[in-house]
Amino acid sequence: MRLKFMIIHMMLLMVIMGGCDVNVPDTRAFQDEFTSEFMHSTTETEEGYYTFESGTGGYTMLFPVDATLDEGYYYKQGDVIENISFANDKKKDDNFSSGARIKYDSRSVNEHIDINLKSLSRRVSYEGEYDTIQLEEKTIYYSKNQIDNTYYFFGLVKSELNHKAVSYVYTVPCSCEDEKCIDDISQEEDLIMKMMSSINFN
């Protein structure tokens, strides 16, 4: 009788554990253990995106289901600063890949927009102006640059309610010059703008 009870108990455990595995999405973001820790839910917020929650608790944003965070690059200083890097691993041809480095900062130095934009420009060898997009409770400063066959999409998202800000540098190396590559570049720009616009400061 005791043996029968133990067998039933083991079978129940197997069913429960199996059910947990089934509930984990078969996406790169959730199949990567480190990345999955930052996802708000296993349910897509909208098609192709989860909601990323900063380890500082300072902001949330949309995050591609095919992207994975670089654990080795990750840095957090309390709830004040956080650096993340992600690669968008969605399969493309051999000549195309993309990735971003994103910094969150909640210090008062972020009120000096010009200084922050100059620092951002130096990182991508840019000397031009930024487009300004005013959204509810935040402002986006955005631009792009091309150096040889590498495209950069970059910007600063600044809260209008406090000192919090997030800076982006999104890099797309593209060695091809055909129309497909240009279309891919355009799609990547749409992706980064979507992510920047989705930022909500807490």
* **Computed E for Asp26/Glu71 - FRET, C-beta separation, R0 22 angstrom, nearest 0.05** => 0.60
* Which pairs in the list Lys118/Lys164; Lys138/Lys164; Lys138/Lys194; Lys76/Lys164; Lys76/Lys138; Lys103/Lys158 are over 21 Å apart, alpha-carbon to alpha-carbon? -> Lys76/Lys138
* Asked: What list do you get for Lys164, Lys103 if you sort them by fewest beta carbons within 10 Å?
  -> Lys103, Lys164
* Asked: What full-extension length gain, to one decimal in nm, is calculated for His163 and Asn202 as 0.36 nm per residue of separation minus the Cα-Cα distance?
  -> 12.9 nm
* **Length gained when the stretch Asn145-Ala87 is fully extended (0.36 nm per residue, less Cα-Cα span)** => 18.9 nm
* Structure fact -> Each label sits 7 Å from Cα toward the beta-carbon; between Asp79 and Ser186 the label points are separated, in nm, by 4.4
* How large is ³J(HN,Hα) for each residue in the stretch 69-78, as worked out from phi by the Karplus curve 6.51 cos²θ - 1.76 cosθ + 1.60 (θ = phi - 60°), to whole Hz, x for Gly and Pro? -> 7, 8, 4, x, 7, 4, 9, 9, 10, x
* Asked: Mean shadow of the stretch 112-171, computed from the convex hull of its alpha carbons, in nm²?
  -> 3.9
* Asked: Once phi is turned into ³J(HN,Hα) by the Karplus curve 6.51 cos²θ - 1.76 cosθ + 1.60 with θ = phi - 60°, what whole-Hz value does each residue of the stretch 104-113 show in order, with x for glycine and proline?
  -> 9, 8, 10, 7, 5, 4, 5, 6, 8, 4
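Here, each number is a calculation from the coordinates, and none is a lab measurement. Note that the structure is predicted; figures quoted are calculated from it, not measured. We place every Cβ from the backbone using ideal geometry, glycine too, and count neighbours over all the protein chains shown.
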